[in-house]
Amino acid sequence: MIRKEMKLGVNVDHVATLREARKTDYPDPALGALLAEYGGCDSVVAHLREDRRHIKEEDIILIKGAIKIPFNLEMSINKDIVSFAVNLKPQKATLVPEKRKELTTEGGVDLVTHYTRVKKAVERLKKEGIEVSLFIDPVKSQIVKAKNMGVEVVEFNTGRYSESKTKTERDKEIEKLKQAVCYAKEQGFFVAAGHGLEYENVKDIVKIKEIEELNIGHSIISQAVFVGIVQAVEEMVELINK
């Protein structure tokens with residue numbers, strides 16, 4: 001298999017979203033994770049939200065036990081969820097902001113406003129040997145705060161790019177992302193990106209060679225409705241390879 005310049009993490013949250021729509025015991029996110037692994041992704045991602053609207057603790061435990069590739073737990077800095085992560089010990093924990101009423105994550109963690117609280121969670125996770133990533137907006141002040149916290153991974157929020165309606169808006173957001181990525185690389189970070197990426201708009205993102213990992217969920221699971229998870233992942237892998 002040809003290795004890609006960028007890694008791909010597949011978020012399986014929306015396998016659980018389908019399950020919860022009817023409150024059944026299927027489809028199983030752990031099986032989705034195994035199929036994504038078979039399709040060629042480099043890691044599996046799942047978000048244990050405070051309201052447990054899709055992924056549950058038992059899903060996380062089953063996913064981590066089933067796959068051979070790294071597991072990345074998306075999570076807030078909620079005390080109970082941090083404690084769950086400490087006991088689980090995922091290979092990576094990505095700290096994201098969370099609002100109960102949002103449809104999906106609406107922005108990056110504001111490290112300037114919530115520096116002390118986030119740093120406390122970071123220190124607790126790192127103490128247990130868990131690699132910590134911070135999901136942040138592509139803004140220099142956020143990168144500086146991430147550096148001060150001693151983390152080695154940042155994931156830039158591509159939401160504003162993904163939601164752009166015009167070419168002018170997209171070009172502006174791509175330029176902001178490029179500048180942030182280059183600055184983060186200068187600071188020694190492993191750089192990931194994600195949020196709202198799909199099979200068309202990812203083509204401009206993969207041109208930013210300094211990005212080392214993309215994390216994508218909704219569009220892959222949506223494509224899987226028509227072609228299956230394995231092929232949906234393979235199609236995204238092919239785009240990243242190109």
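The values are calculated or read from the model by the stated rules, or taken from the named source; none is laboratory data. Note that the structure is predicted; figures quoted are calculated from it, not measured. Positions of Cβ are generated from backbone atoms using ideal geometry, with glycine treated the same way; all protein chains shown enter the neighbour counts.
Observations on the model:
- Residue in the stretch 214-224 that is touching a residue at least 40 places away in the same chain (Cβ under 8 Å), in a loop (DSSP other than H, G, I, E, B) and within 19 Å of I136 (Cβ to Cβ) present: yes
- Criterion (of a type outside the set (F, W, Y) and under 17 Å from M236 (Cβ atoms)) met by exactly one of I69, I63: I69
- Number of the exception - E20 against (1) modelled with pLDDT of 95 or more; (2) out of contact with any Pro (no Cβ under 7 Å at 6 or more places or on another chain); (3) under 28 Å from V206 (Cα atoms): (3)
- Of all residues making up the stretch 146-178, the number that are out of contact with any strand residue (DSSP E or B) (no Cβ under 8 Å at 6 or more places or on another chain) and either of a type in the set (F, W, Y) or assigned to a helix (DSSP H, G or I) (or both): 17
- A single entry from Y161, Y199 fulfils the requirement of being aromatic (F, W, Y), touching a residue at least 40 places away in the same chain (Cβ under 8 Å), surrounded by 24 or more Cβ atoms within 10 Å (Cβ to Cβ) and under 23 Å from V12 (Cα atoms): Y161.
- For beta carbons closer than 8 Å, sequence separation of 6+ or different chains, a first residue in the stretch 228-242 that is under 14 Å from N215 (Cα atoms) and a second that is crowded, with 16+ Cβ neighbours inside 10 Å and among the basic types (K, R), the qualifying pairs are V237/K4; I240/K4.
- Criterion (assigned to a helix (DSSP H, G or I) and of a type in the set (G, A, S)) met by exactly one of A192, A184: A184
- Test: L111 is part of a loop (DSSP other than H, G, I, E, B) and aliphatic (A, V, I, L, M): yes
- Selection status of N148, crowded, with 16+ Cβ neighbours inside 10 Å and at pLDDT 95 or above: no
- Residues that are free of Cβ contacts under 8 Å to residues at least 40 places away in the same chain and either within 14 Å of E200 (Cβ to Cβ) or of a type in the set (K, R) (or both), drawn from the stretch 145-158: K145
- Residues of the stretch 110-122 satisfying the condition of being more than 18 Å from the chain's Cα centre (by Cα) and within 18 Å of V144 (Cβ to Cβ): V112, T113, H114, Y115, T116, R117, K119
- Some residue of the stretch 36-45 being surrounded by fewer than 19 Cβ atoms within 10 Å (Cβ to Cβ) and farther than 17 Å from E213 by Cα: yes
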